[in-house]
Amino acid sequence: MSRTKHDSLILLLLLLIAILSISSVESGRPPFACDPRNGLTRSLRFCRTNLPIHVRVRDLLGRLTLPEKIRLLVNNAIDVPRLGIRGYEWWSEALHGVSNVGPGTKFGGSFPGATSFPQVITTAASFNESLWERIGQVVSDEARAMYNGGMAGLTYWSPNVNIFRDPRWGRGQETPGEDPVLAGKYVASYVSGLQSATGNRLKVAACCKHYTAYDLDNWKGVDRFHFNARVSKQDLADTYNVPFKACVVEGKVASVMCSYNQVNGKPTCADPDLLKGTIRGQWHLNGYIVSDCDSVGVMYDTQHFTVTPEESAAATIKAGLDLDCGPFLAIYTDLAIRRGLLTVTDVDMALANTVTVQMRLGMFDGEPSAQPYGHLGPRHVCTPDHKQLALEAARQGIVLLKNSGSLPLSTSRHRTIAVIGPNSDVTETMIGNYAGVACDYTSPLKGISRYVRTVHQVGCSNVACRANNLFGFAEVAARHADATVLIMGLDQSIEAEFKDRTGLLLPGYQQELVTRVAQASKGPTILVLMSGGPIDVSFAKYDRRVSAILWAGYPGQAGGTAIADILFGTTNPGGKLPMTWYPQSYVAKVPMTNMGMRPSPGYPGRTYRFYKGPVVFSFGHGLSYTNFKQSLALAPTDLSVLINTNLFATKNYSTLSSNAIKVKHTNCDSLSLPLHIDVENIGNMDGTHTLLLFSEPPTSVKWSPNKQLISFHRVHVVAGLKQRVKIDIHACKHLSVVDEFGIRRIPIGQHSLYIGDLKHSISLQANLEGIKN
């Protein structure tokens, strides 16, 4: 087929898919099968809910024709009227609330909007696992309600768990940050809440994306469709794949999405080692693997991975792909089978994975209203409790970066506030990307106005801030107010999918606006930043006239209320940065295309785990209006690591390579010890403290991180009191590192634990007693 004919066919099929998707949503009927009112299908074996799901799946596959099977391999699955199966759109999104980004979800009628929580990077700054799970539960309540109303599906391609490796990445805002442990904890919690599994049954099906080593969209002419990420086995095992493993193993997610990019020369969606070998073989995914949208087509059309399109279709399915977001497999799978590149059994295996998930969701159990979540409807969306949770999430995620004593503001002393900046009265900016239609909004200006009288000036017409002609009005406002709040930063015009930044400074003339207003201000000047990625605001950090700095991320529909509550002390800030804030000079040394985590000559390394150069604000930084003191109450100093003696019987001495024991060669269940930390609030205000526990391996281990987060706990402490935090240190999980070959090992020797200013050492010894050579 010529390229022109191929492109025309693709466009025609995409148009048909869009029309079918719109009609299925506008029908107002949830897509399901096995309607008990349908006399033709109600007695079919795959409709019998008393049978095991795998039996029902096998029966259904035996009834489908090959053309029907092929059209079920894509996101816009056809209906099969003769079997009572309605068409289904697999693509819906729920990154931080039900979204209408994918064609599977629409707002309108009884569902004008849904609760829009803070963007993930902001929520991650709360370091609160129970909050993440609760948000997932609320989102899935609203998703089920919209499904029951015929406005949404049940398969949500969220969350994004890629590591925020480079501060310029436009989609870093969607992620839980730069640390693999934090990302893994976030995803396990959010997915657990979102799926709310009861046994093998699901409320909705989540999807962890984009697997793997995907964190570049479009930087200096290099885009995600052409990018070949060259990643070492070590970095893959101890950084990039960690959150995906947590998603599958701990979160028990129902789906994983493979990415556009190649990894070491092979498209991820056609790599059997990554898909069948790792996701299914090692991690035992109970679910389906889906491609990023049109990535199978990209593999052929853009990356030229195969000579013919049918070869690309065969390569992906045989590698372990089950569902194509896009039309490619619907067009070329039949030819791949006729050419002998693929078998019908291969197709059946893919369909078995997708249909199994649909049955776990109850989509083959008849009318949704008669099912466990059938009672959910419009009154369960945008409820007061849900809105309150969105507000609480924003409060917990906002980070106080600097405070010279001016915060909190006082309603008696600061009766008039100048509210200035391009983000001062925004609404949609606060919900970031992959968002839906919010229930309602409270802008920062509106939130502050609930406390005191405000004078408003934008200063810049937008965040690009290409002119300074409005600065004079802002200076006048600041000169006559009791305090000034500048709300600056970024939005989706600066950082977004398809759009990576080239630098870390505030856009345009924003820095000049901050400096001039701070000089003119009669009272204290507070800088509030909205952004997903870090910004180099060194000028404000060291400017004494800028007395405080807050990072609000993208704080969701209630962001303005949360910002105001923190400014006036109704809420005591407790957020911590989930990523390093680098100086502008850092990006001059580091091309986005370099995937290496560890430093090398001329290359400074990435994230707090490996980079040791200057920073604007460090990972985990965050202040409070009170002061906390941490002390060790129980801290063991020794741990004996028992080695499997059978390994020495077979002379497997590689177990102790580099004085580090392979994790799989010891009994991990016996390698734990308790650590008790007292957190005392020694200030005058109740507050929440996030305890961050880091470990550092023995100095003899040269290929490990300098230090790494191993645990975190958020604890509320009343002023003058203390709380005890109990942590179990598991050697295999917390004290292990990954060697150059991607093998996880426990180094023998003295490990250091860090909790704030505290340092504690634990000595690990190899136990070889009883071993006979």
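The values are calculated or read from the model by the stated rules, or taken from the named source; none is laboratory data. Owing to the predicted nature of the structure, the values given are computational and were not obtained by experimental measurement. For neighbour counting, all protein chains shown are included, and Cβ atoms are generated from backbone atoms with ideal geometry for every residue, glycine included. Side chains included, ligands, DNA and RNA excluded: accessible areas come from the protein's heavy atoms. Shrake-Rupley method; radii C 1.70, N 1.55, O 1.52, S 1.80 Å.
Tabulated data
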{"quantity": "Test for residue 437: is it in contact with a strand residue (DSSP E or B) (Cβ under 8 Å, 6 or more places away or on another chain), farther than 30 Å from residue 479 by Cβ and open to solvent by 20 Å² or more (accessible area, probe 1.4 Å)", "calculated": "yes"}
{"quantity": "Hits in the stretch 335-348 - residues which are closer than 19 Å to residue 275 by Cα, open to solvent by 10 Å² or more (accessible area, probe 1.4 Å) and in contact (Cβ under 8 Å) with a residue 24 or more places away in the chain", "calculated": "341, 346, 348"}
{"quantity": "Some residue of the stretch 146-154 being aromatic (Phe, Trp, Tyr), in contact (Cβ under 8 Å) with a residue 24 or more places away in the chain and farther than 30 Å from residue 59 by Cβ", "calculated": "no"}
{"quantity": "Residue identified as in contact (Cβ under 8 Å) with a residue 40 or more places away in the chain and assigned to a helix (DSSP H, G or I) among 389, 401", "calculated": "389"}
{"quantity": "Residue in the stretch 162-177 that is farther than 30 Å from residue 584 by Cα and in the same structural domain as residue 212 (by the TED database) present", "calculated": "no"}
{"quantity": "Qualifying residue in the stretch 493-500 (condition: closer than 21 Å to residue 540 by Cβ and either in the same structural domain as residue 223 (by the TED database) or surrounded by fewer than 22 Cβ atoms within 10 Å (Cβ to Cβ) (or both))", "calculated": "yes"}
{"quantity": "Pick from the stretch 415-426, criterion touching a residue at least 60 places away in the same chain (Cβ under 8 Å) and in a loop (DSSP other than H, G, I, E, B), ranking: farthest from residue 479 (Cα to Cα)", "calculated": "426"}
{"quantity": "Residues located in the stretch 301-316, provided they are in contact with a helix residue (DSSP H, G or I) (Cβ under 7 Å, 6 or more places away or on another chain) and either crowded, with 24+ Cβ neighbours inside 10 Å or over 26 Å from residue 102 (Cα atoms) (or both)", "calculated": "305, 306, 310, 312, 313, 314, 315, 316"}
{"quantity": "Index of the failed condition, residue 708 passing every other in (1) modelled with pLDDT under 95; (2) surrounded by 19 or more Cβ atoms within 10 Å (Cβ to Cβ)", "calculated": "(1)"}
{"quantity": "Some residue of the stretch 641-650 being assigned to a loop (DSSP other than H, G, I, E, B), in the same structural domain as residue 686 (by the TED database) and at pLDDT below 95", "calculated": "yes"}
{"quantity": "Residue within the stretch 160-170 that is in a loop (DSSP other than H, G, I, E, B) and open to solvent by 10 Å² or more (accessible area, probe 1.4 Å) present", "calculated": "no"}
{"quantity": "Test for residue 442: is it open to solvent by 10 Å² or more (accessible area, probe 1.4 Å) and within 30 Å of residue 92 (Cα to Cα)", "calculated": "yes"}
{"quantity": "Residues satisfying the stated conditions in the stretch 314-334, i.e. farther than 10 Å from residue 70 by Cβ and not in a loop (DSSP other than H, G, I, E, B)", "calculated": "314, 315, 316, 317, 318, 319, 323, 324, 328"}
{"quantity": "Condition check for residue 98: under 27 Å from residue 216 (Cβ atoms), crowded, with 24+ Cβ neighbours inside 10 Å and in contact (Cβ under 8 Å) with a residue 24 or more places away in the chain", "calculated": "no"}
{"quantity": "Residue match in the stretch 60-70 (condition: aliphatic (A, V, I, L, M), assigned to a helix (DSSP H, G or I) and within 26 Å of residue 530 (Cβ to Cβ))", "calculated": "no"}
{"quantity": "Residue list for the stretch 613-639, restricted to those being at pLDDT 95 or above and of a type in the set (D, E, K, R)", "calculated": "629"}
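Every residue, every condition in (1) outside the structural domain of residue 487 (by the TED database); (2) in contact (Cβ under 8 Å) with a residue 12 or more places away in the chain; (3) open to solvent by less than 20 Å² (accessible area, probe 1.4 Å), yes or no:
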{"residue": "330", "(1), (2), (3)": "yes, yes, no"}
{"residue": "362", "(1), (2), (3)": "yes, yes, yes"}
{"residue": "395", "(1), (2), (3)": "no, yes, no"}
{"residue": "408", "(1), (2), (3)": "no, yes, no"}
